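Data first, discussion second: the structure below is written as structure tokens.
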Amino acid sequence: MKKWGILILSGLVLAGAIAFFAFRPSPTTAQSLDTLFASPINGGCYIAGPNQCKLHVDPFTINIDQAAGSRLVEFTLFANGSPIYAFKTDVSNPPANDYSPSLVAVDFAATCGTTYYINMTARTNDIPSPLNAGQTAQFTCPANVP
């Protein structure tokens, strides 16, 4: 009788495991950038004067999938996770074509000797929240000069 109890219990555990793995929800996938691409984000740091360093970001282009009806809503440049440039588009007429912003300030304040990375997030009208569209590798600003 004890054998049958163990067999039944083993069968129930096996059936439960099969049901768990067969009927569990599929993992959520990250939102893709199907309607938004960006050219490489390139930047660096230089000494602008005594005890003064600046971050420089090269021009870039945000590519928008026109066939999908996507329109650029916003983009933000970050240095070490802190926003250094935020851009929002016209609500009534957002860009539907590739967009190459002319930065108001090409160079941004930095601390000499500090390591940075720059990244850009962007969002189109069909992406609910901004997604990372590009990032530099880490780089270190030069140390102060005498």
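Condition check for Ile127 on (1) over 15 Å from the mean Cα position of the chain (by Cα); (2) assigned to a loop (DSSP other than H, G, I, E, B): one failure, at (1). Considering (1) open to solvent by 60 Å² or more (accessible area, probe 1.4 Å); (2) under 22 Å from Cys53 (Cβ atoms); (3) part of a strand (DSSP E or B), the lone condition that Phe108 does not fulfil carries the number (1). Given the criteria charged (D, E, K, R), modelled with pLDDT of 85 or more and open to solvent by 70 Å² or more (accessible area, probe 1.4 Å), does Asp98 qualify? Judged against the criteria, Asp98 is a match.
Restricted to the range 33-82, and to residues there that are touching a strand residue (DSSP E or B) at 6+ places or on another chain (Cβ under 6 Å), more than 20 Å from Phe108 (Cα to Cα) and of a type in the set (S, T, N, Q), the residue that is least open to solvent (accessible area, probe 1.4 Å) is Ser70. Annotation: Thr89 fulfils all but one of (1) surrounded by 12 or more Cβ atoms within 10 Å (Cβ to Cβ); (2) at pLDDT 95 or above; (3) of a type outside the set (A, V, I, L, M); the unmet one is (2). Taking first residues from the range 104-133 that are within 17 Å of Arg71 (Cβ to Cβ) and partners that are modelled with pLDDT of 90 or more and aromatic (Phe, Trp, Tyr), the Cβ contacts under 7 Å between residues at least 6 apart in sequence or on separate chains come to Thr121/Phe75; Ala122/Phe75.
The values are calculated or read from the model by the stated rules, or taken from the named source; none is laboratory data. The structure presented is a predicted model; accordingly, all values stated were derived computationally and were not measured. Cβ atoms come from the backbone with ideal geometry, glycine included; neighbour counts cover every protein chain shown. Remember, those area values only see protein heavy atoms, side chains included, never the ligands or the DNA or RNA. Shrake-Rupley method; radii C 1.70, N 1.55, O 1.52, S 1.80 Å.
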